[in-house]
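Peer 1: Below is the structure I would like to discuss, written out as structure tokens.
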Amino acid sequence: MSRAVVQLQNVDKVYGNGVVALRHLDLDVGEGEFLSLLGPSGCGKSTVLRLVAGLGEVSGGRIEWPGGNGRKGLPQGDVGFVFQEPTLMPWATVFKNVQLPLRLRGVPPDEAAARVREAIAMVGLDGFERAYPRELSGGMKMRVSIARALVTHPRLLLLDEPFASLDEITRFKLDNDLLALWAKQRWTVVFVTHSVYESVYLSTRIAVMTARPGRTASDVPIEAPSPRDDAFRTSTLYNDYCRLVSARLAEATRA
Amino acid sequence: MSSIPSVEPERAAKNVGVRDTEAARAPRKPWRVDLGWAVRRALPPIVIGAAGLVAWELVVRLNQIPYYILPGPLLVLRTLVQDWGTLYPSLLVTLAITGAALLVATIAGVLISILFTQSRLVELSLFPYAVILQVTPIVAIAPLIIIWVRNIPVALLICAWLVAFFPIVSNTTLGLNSADHNLLNLMQLYGASRRQIFWYLRLPSAMPYFLGGLRISGGLALIGAVVAEFVAGTGGAQSGLAYRILESGYTMQIPRMFAALLMITGSGIFIFLALTALSHLILRKWHESAVTREG
């Protein structure tokens with residue numbers, strides 16, 4: 001594996017109400033990989049993302065950033081986060097929503113405008129800059145959310161079941177677009193999902209997690225050619241991987 | 001960097017199943033009024049009102065009720081026109097106090113709400129006193145305020161303000177605390193300062209709540225002003241509509257009493273409609289309350 005962007009070592013997370021979300025979790029995220037965290041609902045997948053994003057403190061163990069000195073050493077905005085819900089400001093246009101991270105960092109409006117337009121174009125929403133979120137479909141709102149995560153040119157993109165609430169046709173489309181963007185930009189991606197099929201389709205590596213308290217049960221590299229397209233979804237290789245990952249997931253859930 | 005080759009906006013939109021692409025693109029016409037709809041909406045209450053007025057006039061005429069007991073609507077209207085010279089300046093006085101009280105209530109209410117949301121301790125310490133001010137009947141404290149504050153218009157303003165500020169405080173406080181948690185997380189992720197979170201997230205989130213409170217306060221400011229005028233009972237050029245009602249009562253000019261009452265009610269309706277329009281104007285682009293359902 002290439003150089004690690006972030007390493008979770010023996011991480012525990014206990015919430016205030018006594019729920020143990022993670023126990024002894026080890027996970028390395030390699031530079032440029034598309035890593036999926038796969039596990040049953042409530043296994044702490046989202047918790048891992050939140051900890052990596054700095055939206056919570058670990059209860060035990062440590063998170064190392066080999067490229068910088070601790071999380072604080074990581075420049076603001078080097079991490080992009082896409083939540084389960086689009087999480088847009090309803091009172092702001094698509095443009096203003098995507099611009100938010102840049103405004104918060106005090107990027108001058110002229111420079112920001114160019115980057116915002118670029119991010120909106122990347123997710124295929126040019127022409128919708130002045131639309132309000134309520135005028136968009138669920139899939140388009142998710143695209144806006146992704147554009148907002150991309151606008152800071154993050155080194156690490158964290159996605160928390162971003163397409164879970166969308167219909168299958170929309171999800172496939174967004175999967176493809178996300179893969180195409182990743183192939184071009186080569187950021188490091190950590191993608192949380194509970195779908196075996198989605199994780200196999202997207203990832204270069206899948207970390208299968210156990211039921212709560214969560215830890216990584218097995219690591220499955222997906223050695224399939226990139227770029228992938230809909231043909232891959234029907235290939236034998238894809239099916240074999242789905243079967244393998246399903247079996248690993250069943251083991252992890254039972255254990 | 002350019003767009004992904006496979007995605008043109010139109011196709012992207014089609015593929016993600018947008019039904020309202022046109023709505024997103026077409027220029028919106030906020031002021032286009034559907035006349036048929038407006039008539040259907042307004043007709044029933046107008047019919048009821050007209051029927052009530054006719055019945056009132058008939059009851060007065062058929063039973064030959066003397067005008068100093070119950071004047072008919074036509075007589076009230078005639079009095080309104082005849083006494084316009086006396087009543088109109090009083091209306092302006094009452095409206096000036098109402099407007100000033102609402103303005104002060106808005107400014108003070110929003111500032112107090114912001115103070116409340118800065119610290120839980122401040123809110124816990126002060127909120128009960130806001131409630132006490134609210135639940136104490138204004139009629140009961142107005143005499144005291146009028147004794148303490150020599151300047152009558154200022155005393156009236158304080159009374160009206162006391163009645164009007166609570167809905168703004170309680171609604172705006174609720175609104176400021178109702179910011180979406182995921183958006184708060186997002187702000188934190190991008191290293192937003194407290195000030196940025198306030199301006200970019202809390203304040204816009206509070207807007208619909210604040211406007212709801214403002215609509216209630218508008219009516220209450222008028223009621224507060226009228227009640228305080230009743231208690232003060234001052235005569236002269238600076239007297240408002242409530243004093244005209246008192247005066248008419250003493251001199252048995254009952255039609256004029258009704259005319260003044262009509263003006264107060266009319267002002268209340270006007271204030272409500274104006275604040276509703278303001279609220280619609282501010283929220284129409286995004287808030288559910290201002291969005292007409294389609295399809």
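Peer 1: Treating only the Cβ atoms of Lys and Arg (+1) and Asp and Glu (-1) as charged, compute the dipole magnitude of the protein assembly as shown about its Cα centre; round to the nearest 20 debye.
Peer 2: Working: 53 positive and 41 negative charges, 123 e Å.
The calculation lands at about 580 debye.
Peer 1: Based solely on its DSSP helices, what 222 nm [θ] is calculated for chain B when runs of n ≥ 4 H residues each add -39,500 (n - 2.57) and the sum is averaged over all residues, nearest 500 deg cm²/dmol? Walk me through the numbers before you get to the answer.
Peer 2: On the way: 13 runs with 220 residues, N = 295.
The helix-only estimate for chain B comes to -25000 deg cm²/dmol at 222 nm.
Peer 1: Could I ask something else about it? Compute the acute angle (0 to 90°) between the alpha-carbon long axis of helix B:152-176 and the principal axis of greatest extent of the alpha-carbon atoms of chain B; round to the nearest 10°.
Peer 2: Helix B:152-176 sits at roughly 30 degrees to that axis.
Peer 1: Nearest 10 degrees, 0 to 90: what angle lies between the long axis of helix A:168-185 and the longest principal axis of chain A (Cα atoms)?
Peer 2: 80 degrees
Peer 1: Helix B:35-62 versus the longest principal axis of chain B: what angle, 0 to 90°, nearest 10, using Cα atoms?
Peer 2: Result, in degrees: 10.
Peer 1: Continuing with this model, one more query. Taking springs between alpha-carbon atoms closer than 10 angstrom, which of B:Pro128, B:Pro73, B:Pro204 fluctuates most in the Gaussian network model of chain B?
Peer 2: B:Pro128
Peer 1: Next up: Please list, ordered by chain and number, the residues whose modelled amide H lies under 5 Å from the amide H of A:Met209; skip anything fewer than 5 residues away on the same chain.
Peer 2: A:Leu38, A:Gly39, A:Ala217
Peer 1: So for chain B, what percent of the C-alpha to C-alpha distances run longer than 27 Å? Walk me through the intermediate numbers first.
Peer 2: Numbers: 25929 of 43365 pairs.
Summing the P(r) of chain B above 27 Å gives 60 percent of all pairs.
Peer 1: Using the Karplus equation 6.51 cos²θ - 1.76 cosθ + 1.60 (θ = phi - 60°), what ³J(HN,Hα) coupling, rounded to whole Hz, does each residue of region A:212-222 give in order, writing x for Gly and Pro?
Peer 2: With the stated coefficients, region A:212-222 comes to 4, x, x, 8, 7, 8, 8, 10, 10, x, 9 Hz.
Peer 1: While we're looking at this one, here's another question. What pairs from A:Lys45/A:Lys96; A:Lys45/A:Lys173; A:Lys13/A:Lys45 go past 22 Å between their alpha carbons?
Peer 2: Working: A:Lys45/A:Lys96 30 Å; A:Lys45/A:Lys173 24 Å; A:Lys13/A:Lys45 12 Å.
Table pairs above 22 Å Cα-Cα are A:Lys45/A:Lys96; A:Lys45/A:Lys173.
Peer 1: Now, a different point. Against the empirical 2.2 N^0.38 Å scaling, what ratio does the C-alpha Rg of region B:166-295 come to? Let's see the in-between values first.
Peer 2: Numbers: Rg = 21.4 Å, N = 130, 2.2 N^0.38 = 14.0 Å.
Dividing the Cα Rg of region B:166-295 by 2.2 N^0.38 Å gives 1.53.
Peer 1: Something else about it: Provide the per-residue ³J(HN,Hα) series for region A:146-161, in order, calculated from phi with Karplus coefficients 6.51, -1.76, 1.60 and θ = phi - 60°, each as a whole number of Hz, with x at glycine and proline positions.
Peer 2: Along region A:146-161, the couplings run 5, 4, 5, 6, 7, 5, 8, 6, x, 7, 10, 10, 10, 10, 9, 6 Hz.
Peer 1: I've got another one for you. Scan around A:Phe81 for amide H atoms under 5 Å from its own, H built in the peptide plane at 1.01 Å from N, and keep only partners 5 or more places away or cross-chain.
Peer 2: Amide H to amide H, under 5 Å and 5 or more residues apart or across chains, A:Phe81 pairs with A:Leu158.
Peer 1: Which of the trypsin sites (Lys or Arg not before Pro) found in region B:97-196 are loop residues per DSSP with 13 or fewer other Cβ atoms within 10 Å of their Cβ?
Peer 2: Values: sites: B:Arg120, B:Arg150, B:Arg194, B:Arg195; in loops: B:Arg150.
Hits after loop and neighbour filter: B:Arg150.
Peer 1: Related question: What is chain A's relative contact order, in percent, from Cα pairs under 8 angstrom and six or more apart in sequence? The partial results should precede the final answer.
Peer 2: Details: 486 pairs, mean separation 68.0, N = 255.
Relative contact order for chain A comes out at 27 percent.
Peer 1: Rounded to a whole number, what is D in µm²/s for the protein assembly as shown from Stokes-Einstein with the Kirkwood radius over alpha-carbon pairs (25 °C, 0.890 mPa s)?
Peer 2: Details: Rh = 28.2 Å.
The estimated diffusion coefficient comes to 87 µm²/s.
Peer 1: May I ask you to sort A:Lys173, A:Lys96 by Cβ crowding, counting other Cβ atoms within 10 Å and putting the fewest first?
Peer 2: Values: A:Lys173 24, A:Lys96 17.
Ascending Cβ contact count within 10 Å gives the list A:Lys96, A:Lys173.
Here, each number is a calculation from the coordinates, and none is a lab measurement. Note that the structure is a prediction, hence the values are computed from the model and not measured. Don't worry about glycine lacking a Cβ; one is built from the backbone with ideal geometry, like all the others, and counts go over all protein chains shown.
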